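Have a look at the structure below before the remarks.
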Amino acid sequence: QVQKVESGGGLVQAGASMRLSCTFSVRTFSSVGWFRQAPGKERESVAAITWSGGVWYNSDSAKGRFTISMDSAKNTVYLQMNNLKPEDTANYYCAIALGEGPLLDPRTYNNWGQGTQVTVSS
């Protein structure tokens, strides 16, 4: 079982920035993804990063405002979110993929965190 801890969520005003962190226990993995789910909506991908540092973004959800990065020494993946908007309000999940697959497809990931709530007020 991969242990992971997500942090960094909270309540901010529109236009603010926020950084989410996902620290995990496994050292060998294929990719780490960030997903989000708003009440009444399906889970959607946000961004993903491979063990070698390749990054992928969902152009709709990330919209050029989000950046995913990794600190390998700390086994931590970050999601920097800038110019937040009320429609970014959701529970954000970090997920770990031990095998390969489409990086923005949630079915690729087999280890999910509990999520951290991000609320953006207008």
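Check cross-link reach from LYS74 to the lysines: straight Cα distance under 23 Å, and skip same-chain residues fewer than eight apart.
LYS4
Could you please report the charge total around GLU42, scoring K, R as +1 and D, E as -1 over all other residues with beta-carbon less than 15 angstrom from its beta-carbon? All intermediate terms of the calculation are to be shown ahead of the outcome.
Values: positive: ARG36, LYS41, ARG43, ARG107; negative: GLU44, ASP60, GLU87, ASP105.
Local charge sum for GLU42: 0.
Would you tally the net charge around GLN114, using a Cβ to Cβ cut-off of less than 15 Å, leaving GLN114 out, and scoring K and R as +1, D and E as -1?
After counting each charged neighbour, the total is +2.
Could you work out the relative contact order of the chain? I mean the mean sequence separation of Cα pairs under 8 Å and 6+ apart, divided by the number of residues, in percent.
For the chain, the relative contact order is 35 percent.
Just to be sure I understand: of the beta bridges DSSP finds with both ends in the chain, what percent are antiparallel, rounded to 5?
Looking only at bridges with both residues in the chain, the antiparallel portion is about 90 percent.
Classify the stretch 1-51 as rounded, prolate or oblate, taking a ≥ b ≥ c as the square roots of the eigenvalues of its Cα gyration tensor: rounded when a/c is under 1.5, otherwise prolate if a/b is larger than b/c and oblate if not.
prolate
Within 10 Å, count the other beta carbons around each residue, average over each peptide in 58-67, 15-24, and list them highest first.
Peptide ranking by packing, descending: 15-24, 58-67.
What is the distance in Å between the Cα centroid of the stretch 101-121 and that of the stretch 5-42?
About 7 Å separates the Cα centre of the stretch 101-121 from the one of the stretch 5-42.
Based on the Kirkwood radius over alpha-carbon pairs, what is the Stokes-Einstein translational diffusion coefficient of the chain at 4 °C with 1.567 mPa s viscosity, in µm²/s? Provide the component values of the computation, followed by the final result.
Details: Rh = 14.1 Å.
Result for D is 92 µm²/s.
Rounded to two decimals, what is Rg over Rh for the stretch 58-122 when you use alpha-carbon atoms and the Kirkwood radius?
Taking Rh as the inverse mean 1/r over Cα pairs, Rg/Rh reads 0.97.
Every number in this text was worked out from the coordinates using simple rules, so none of it is lab data. Since the model is a prediction, treat every value here as computed from it, not as a measurement. Every residue, glycine among them, receives a Cβ derived from its backbone with ideal geometry; neighbour counts consider all protein chains shown.
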